[in-house]
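One structure is given below, encoded as structure tokens.
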Amino acid sequence: MKKINLLLFFLLLACALPAQDGISVFIGRANRYASVELSDYRKRLCLEYNISNHSLDDYYRRCGNDWGNVGIALEIARTSGKKMRDVCDYYKRYHRYGWNRILVEIGIKPGSMYYNPFYNRVHHHSDCWHEYYNSYCERHDKFHHKKHKYRKPKKHHKRHCRHYDDD
């Protein structure tokens, strides 16, 4: 029986890999926006999920000090109907296996009634974070995603070459 459950888990994991990419994109975009407009990001999360700043700080600590993880955890709590502290407990227990494992444990898996609504909202919010970030960059004349790549300064070494005359 245990082998069948493990096989089922890996089958579900294989089916959901493209969805896992959507979660990774969401986390990256949310973190990128939070890195330039943290106060606005926090305000939007508080309004969207009807939580206090104090609760948001607590969730940030419990979700690995990562704003993208907080956003995903809040969406999981909303979709599944679970309390945020329970989602944070699942995160603590299973985060080393990735968000897909956490979703399966909570019940948001392919074929469940929560699966499509969850990923639709994740993609929607991911697009929103991307648009907010691009809007910020345009307002501040900064295109972080196109320019400002760090390059190591070139060092100029003097070569000491001896030239021998064979005369």
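The values are calculated or read from the model by the stated rules, or taken from the named source; none is laboratory data. Because the structure is predicted, anything quoted here is derived from the model rather than measured. Here the Cβ positions follow ideal geometry from the backbone for every residue, glycine too, while neighbour counts run over all protein chains shown. Quick note on the areas: whole protein, heavy atoms, side chains included, nothing else; ligands and nucleic acids left out. Shrake-Rupley method; radii C 1.70, N 1.55, O 1.52, S 1.80 Å.
Answer yes or no as to whether Leu47 is part of a helix (DSSP H, G or I) and either open to solvent by 90 Å² or more (accessible area, probe 1.4 Å) or at pLDDT 95 or above (or both). Full working, then the answer.
Working: part of a helix (DSSP H, G or I): yes; either open to solvent by 90 Å² or more (accessible area, probe 1.4 Å) or at pLDDT 95 or above (or both): yes.
Against the criterion (part of a helix (DSSP H, G or I) and either open to solvent by 90 Å² or more (accessible area, probe 1.4 Å) or at pLDDT 95 or above (or both)), Leu47 qualifies.
So, in region 94-128, exactly how many residues are in contact with an Asp or Glu (Cβ under 7 Å, 6 or more places away or on another chain) and either over 21 Å from Arg29 (Cα atoms) or open to solvent by 30 Å² or more (accessible area, probe 1.4 Å) (or both)?
Residues in region 94-128 being in contact with an Asp or Glu (Cβ under 7 Å, 6 or more places away or on another chain) and either over 21 Å from Arg29 (Cα atoms) or open to solvent by 30 Å² or more (accessible area, probe 1.4 Å) (or both): 2 in total.
Which pairs do you get when a residue that is touching a residue at least 60 places away in the same chain (Cβ under 8 Å), found in region 85-110, comes within reach of a residue that is in a loop (DSSP other than H, G, I, E, B), reach meaning Cβ atoms under 9 angstrom, with the pair 6+ apart or on two chains?
Asn100/Ala16; Asn100/Lys109; Leu103/Ala16; Leu103/Lys109; Leu103/Tyr114; Val104/Ala16; Lys109/Ala16; Pro110/Ala16
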